[in-house]
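Take a look at the structure set out below.
The values are calculated or read from the model by the stated rules, or taken from the named source; none is laboratory data. Not measured: the values here are computed from a predicted model. All Cβ positions, even for glycine, are placed from backbone atoms using ideal geometry, and neighbour counts span all protein chains on display.
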Amino acid sequence: MADFRFEEFDIWKEAIKISDKLFDYADKAEESKFFKFSEQLRSSAMSISNNIAEGSGSFSDKEFSSFLNISRRSVFECANIIHIYLSRNIISSDEKKQIFPQLISLSKKITNFRKSLLKP
């Protein structure tokens with residue numbers, strides 16, 4: 001049994017797993033002296049799971065839904081940063097191809113979970 005509600009959610013578990021890979025990419029940016037780039041990716045990656053966790057402590061599904069919306073938007077922010085990383089040769093095309101399907105899948109799962117909360 002989980003200590004916190006969010007620990008039971010597959011979307012939170014998946015967000016943690018994806019953030020590990022995104023942190024690896026951020027480390028590569030840091031090695032290339034792109035410190036702000038690495039900071040931004042770490043921040044947006046953490047925002048995904050942080051907002052799922054924070055929202056799970058809400059007293060209403062409508063409030064939780066708002067946090068899930070922020071979490072989903074952070075997925076899109078990560079995708080944008082990955083494009084920039086690719087254009088700056090921080091990551092390879094293969095690395096982008098590896099992470100994008102995971103980001104797309106997570107975005108869809110967050111959307112579906114959010115919809116399930118808002119059903120009448």
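A few remarks follow.
- LYS96 vs. criteria surrounded by fewer than 18 Cβ atoms within 10 Å (Cβ to Cβ) and farther than 23 Å from LYS28 by Cβ: no
- Being at pLDDT 95 or above, closer than 16 Å to ILE18 by Cβ and not aromatic (Phe, Trp, Tyr) holds for only one residue in ASN112, ASN69, ASN50, and it is ASN50.
- Checking the stated criteria, SER65 turns out not to satisfy the condition of being in a helix (DSSP H, G or I), touching a Phe, Trp or Tyr at 6+ places or on another chain (Cβ under 7 Å) and of a type in the set (Gly, Ala, Ser).
- Within the range 78-93, being surrounded by 17 or more Cβ atoms within 10 Å (Cβ to Cβ) and of a type outside the set (A, V, I, L, M, F, W, C) holds for one residue alone: TYR85.
- One residue alone among LEU103, LEU117, LEU41, LEU22 is surrounded by 15 or more Cβ atoms within 10 Å (Cβ to Cβ), modelled with pLDDT under 95 and assigned to a helix (DSSP H, G or I), and that residue is LEU117.
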